[in-house]
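Enquirer: I have a structure I would like to understand better, so I am pasting it below and will then ask my questions one at a time.
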């Protein structure tokens, strides 16, 4: 039976004992850098968010530390809600003192978080697709990895025109929302320049799932090429339905904006065959940076990296490289280091443009191959062209402050 | 919602205490969100609890309020209070207009109408993307707001403002329920045909209730935008209407305090659960089923049952 | 727009309309008898579509999917009716709406849990792949088969409802459930069977549509929206209502897609609101 004194001393010592390892650890530890990652793990974009989150997290694991600071990944799950994302970023920045933020699951979230982080003097690296992110809504604190509409269109439409000089009649199916419209207007610019006959356009809305009407209209125009200007599931749906109406027989199909592997898998080899896709990343392109991504993904999943994982990895990588180059976690120093920085990213040597903080990298034009030609289950498409096509900085609408 | 003499004071005290304590239990930004959605949930609760009208479309008015406030603050340089007033008015006017036609239908038809209009609002916002920013939302709102000279930019003052707004709406709703107007609403809820027979212009009362609910939702939308510094398109999506409904039900529609309880519960649970299990909505769904079957008064009714127990004990003496 | 294109849009619209009929008929039957709107309708559609995906993935047979999908969903519906809905008949109608809404949410989360949130492809059965050339038009063979299946379902249901004893009980119950129970018929069983039938029809639609659209967890919301609009416009509670409503909405969608695609969705919901306001029983309903 323990006497009272021993119980009391035990109780007094216990908290100290619990804290001791922490105290000891802190005395020996290097400093820790908390980086907030804003992704949606539930809600409508859960599929996208989960993949991006994995990529970002694994990059942190692989790098381990930056400029002598141990990297700590702090996930902010916004549940697919832009409002929630902003609130969580606010909270992380004001109440946890986090200044380094990465990630977004869609452009609405990115645009909102971008403003929030800038106002609170942090730094933000994201993977949104909207032009505005490095266009009219650009700011000194934000950097973006994937290339956007101008690049996607110019890196896919131009090579295709060059490849098929006799394919003069192009029809477009466009999502009638900001992103789709941007793809379309970029297409029209290229059409005008190259003397392409834009035989018609069908707009569809954000929540459409039935495209037979648009496909019928497209068919009636006998186009040589059908260019699809939308994103996400809608791209997959239009491709699938267009093929089901036999469009592949007489028309080339181009999905200007695709996320690559996961969409190819959603379509299956029969649908992918002979269809052209644009993509920001492809695991089949062998580069030193790509190999790094492949290594960690293989370790975690046993499979090749898809776009989401590579993209998530890339935004982490950018921040870490910036910290390393600046050899500090001070925000203005990192921003300065990142502007003009060249590093080995997932698609090869990538460079960050100082004028709008957009990464200059390849965008691929890919062609689906026949099932019999596939070397393995992931070998669904071949890269036909890789182009760095970026809008001239004066044309982006970006007006950046001189300093933070 | 029933107006009883003793309980409003107790309810008011509880709500006030909860509002004061909240920023000490949860981070101030989360507390602000709780207050904002509590305001939104009040718009559902007042319709369902006071008049017996189930609306699946309060998100429409919240969304309108949000966009109106956002556009005015950003493009017209309007001040905080005027923008919020306009948000509230826009909710009221739209709800009044739509309500005057919607209330002609009853039961499931009323519900479907609220759904249809909510969807139309969402598609309209997407269609007018030049004004609303479409799927990207409306960003670039000013971040510094002054309330009578005091800045409310830091999280705690922001919360103070949001909590104050909610409390004012809460008091308003209490007053409305206790007023003669509220009694007529209760009569309509209990037996509409008899109220009609007694000579009350039932449609007008219902429209007024719908307009009031729309005003509250519009205000909540404006508050949300001030808090976030941008207008998320999700504010006008169907999911928002569903969320407000779920919050109102969890808290309990029998009393306006339920909105705060429901909002706090839903927000805190989703916040903590979502980090453990991304499929936390499944648990919310199960909770809803349980509530409908076993606790239709929501969580607030638990409090009422306890206080009823007390009353029974005291009257025994 | 050329007449050839217009004619195609009309035919295509009718085809879409038949698919929408198939999507909605379960909802209207349940409403007709049980007088509530089953917010879990889309979830049954979703569950069966995913079962079809799984069955085709494991066995390669679409025909098995066609059998197992609706069957599983019917059993699920029976369980839900027995365990949950049963207790809400005496409660105000909101209770049934809210419970079925919660059930829909739960099923959606379970689907995401089991199958991940990513969408998947369901291959068209080999026998029906390819296109048919009908004069100057091209039409996918499988789509035609689905339209054919919808027509078949319409015919079978019509015969069942108008010409069989079960059907007459259903029709009588739609008029007055009280009378039917006074006549000695077990209304409980009829309710149960109808709910299961409605769910099975939704499931059947889900399996059939899966190869057309692929499967993804949020397809339930779309199906529910369409079903709502169709049955409201056509008339809540009647088979012919779902048929007329479906074809009308299909036509509107198809033609609007060439004239004003963004407005198509807006117009469809506006049509729904208009019908409820002007003639709530719908074009053919008779409440």
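Enquirer: Pop the C-beta distance of residue A:32 and residue B:275 into the FRET formula with R0 = 30 Å and round what comes out to the nearest 0.05.
Expert: Working from the Cβ atoms, E equals 0.95.
Enquirer: Angle, helix A:288-301 long axis vs. longest principal axis of chain A, Cα atoms, 0 to 90°, nearest 10?
Expert: Long axis of A:288-301 versus the principal axis of chain A: about 70 degrees.
Enquirer: On full extension of the chain, what length is gained from residue B:283 through residue B:17, given 0.36 nm per residue of separation minus the C-alpha to C-alpha distance?
Expert: Contour length minus Cα-Cα distance gives 92.9 nm.
Enquirer: In nm, give the distance between the simple-model label positions of residue A:250 and residue C:2, each being 7 Å from the Cα along the Cα-to-Cβ direction.
Expert: 0.9 nm
Enquirer: Expressed as a fraction of 2.2 N^0.38 Å, the rule-of-thumb size for a compact globular protein of N residues, what is the C-alpha radius of gyration of the stretch A:50-207?
Expert: Ratio of Cα Rg to 2.2 N^0.38 Å: 1.29.
Enquirer: Follow-up question, since we're still on this one. Could I get the Rg over Rh figure for the stretch A:139-212? Both from C-alpha atoms, Rh via Kirkwood, rounded to two places.
Expert: 1.04
Enquirer: In Å, the Kirkwood hydrodynamic radius of the stretch B:6-315 over pairs of distinct alpha carbons?
Expert: Hydrodynamic radius (Kirkwood, Cα only) of the stretch B:6-315 equals 19.7 Å.
Enquirer: Give the relative contact order (percent, whole number) for the stretch B:177-317; include only Cα pairs under 8 Å separated by 6+ residues.
Expert: Once normalised by length, the contact order is 17 percent.
Enquirer: Using 7 Å Cα-to-Cβ label points, what is the residue C:186/residue A:339 separation (nm, one decimal)?
Expert: 8.0 nm
Enquirer: How much mean residue ellipticity at 222 nm does chain A get from its helices, if each DSSP H run of length 4 or more adds -39500 (n - 2.57) and you divide by all residues, to the nearest 500 deg cm²/dmol?
Expert: It lands at -14000 deg cm²/dmol.
Enquirer: Between the stretch C:129-207 and the stretch A:84-124, how many Å separate their Cα centres?
Expert: Answer, in whole Å: 52.
Enquirer: By the gyration tensor of its Cα atoms, with a ≥ b ≥ c the square roots of the eigenvalues, what is the shape of the stretch A:302-404: rounded for a/c under 1.5, prolate for a/b over b/c, or oblate?
Expert: It comes out oblate by the Cα gyration axes.
Enquirer: Kindly state, as a whole number, the per residue volume in cubic angstrom of the convex hull around the alpha carbon atoms of the protein assembly as shown.
Expert: 212 Å³
Enquirer: May I pose another question? What does chain C give for Rg and for Dmax, in Å, if only its C-alpha atoms count?
Expert: That works out to 18.8, 60 Å for Rg and Dmax.
Enquirer: Checking the a/c ratio against 1.5 first, then a/b against b/c, what shape does the Cα gyration tensor give for the stretch C:111-163?
Expert: The shape class here is oblate.
Enquirer: Here is a further query. Can you give the FRET efficiency to the nearest 0.05 for residue B:93 and residue B:148, using r as the Cβ-Cβ distance and R₀ = 25 Å?
Expert: That gives a FRET efficiency of 0.40.
Enquirer: Show that you can apply the helix-only estimate: for chain C, add -39,500 (n - 2.57) for every DSSP H stretch of four or more residues, divide by all residues, and state [θ] at 222 nm to the nearest 500.
Expert: Roughly -26000 deg cm²/dmol at 222 nm, from the helical runs in chain C.
Enquirer: Label points 7 Å out from Cα along the Cβ direction at residue A:166 and residue A:394: separation in nm?
Expert: Once both label points are built, they end up 4.1 nm from each other.
Enquirer: Tell me, what is the percent relative contact order of chain C, built from C-alpha pairs under 8 Å that lie six or more residues apart?
Expert: The value is 37 percent.
Enquirer: Provide Rg over Rh for the stretch C:2-139; use the alpha carbon set for both Rg and the Kirkwood Rh (inverse mean inverse pair distance).
Expert: In the stretch C:2-139, Rg relative to Rh is 1.06.
Enquirer: Also: Among B:295, B:150, B:228, which one shows the biggest mean-square fluctuation in a GNM of chain B, springs joining Cα atoms closer than 10 Å?
Expert: Per the Cα network of chain B with a 10 Å cutoff, B:150 tops the list.
Enquirer: Only residues of the stretch A:160-176 count here: report those whose backbone N is under 17 Å from the spot 7 Å along Cα→Cβ of residue A:221, or say none.
Expert: Only A:161, A:167-176 pass the distance filter.
Enquirer: A further question follows. Efficiency by 1/(1 + (r/R0)^6): what FRET value for residue A:95 and residue B:105, r their Cβ-Cβ distance, R0 = 45 Å, to the nearest 0.05?
Expert: 0.40
Enquirer: A follow-up question, please. By count of other Cβ within 10 Å, fewest leading, how are B:36, B:268, B:177 ordered?
Expert: B:268, B:177, B:36
Enquirer: So, one more: Taking the Cα centre of each part, how many Å lie between the stretch B:221-250 and the stretch A:293-351?
Expert: 35 Å
Enquirer: Is the shape of chain A best called rounded, prolate or oblate, per the rule: a/c under 1.5 gives rounded, else a/b larger than b/c gives prolate, else oblate, with a ≥ b ≥ c the square roots of the Cα gyration tensor eigenvalues?
Expert: Judged from the Cα gyration tensor, chain A comes out prolate (a/c at least 1.5, a/b above b/c).
FYI, it's all coordinate maths here, none of it is from the lab. From a predicted model like this one, the values you see are computed outputs, not experimental measurements. Counting neighbours? That spans all protein chains shown, and the Cβs are built from the backbone with ideal geometry, glycine included.
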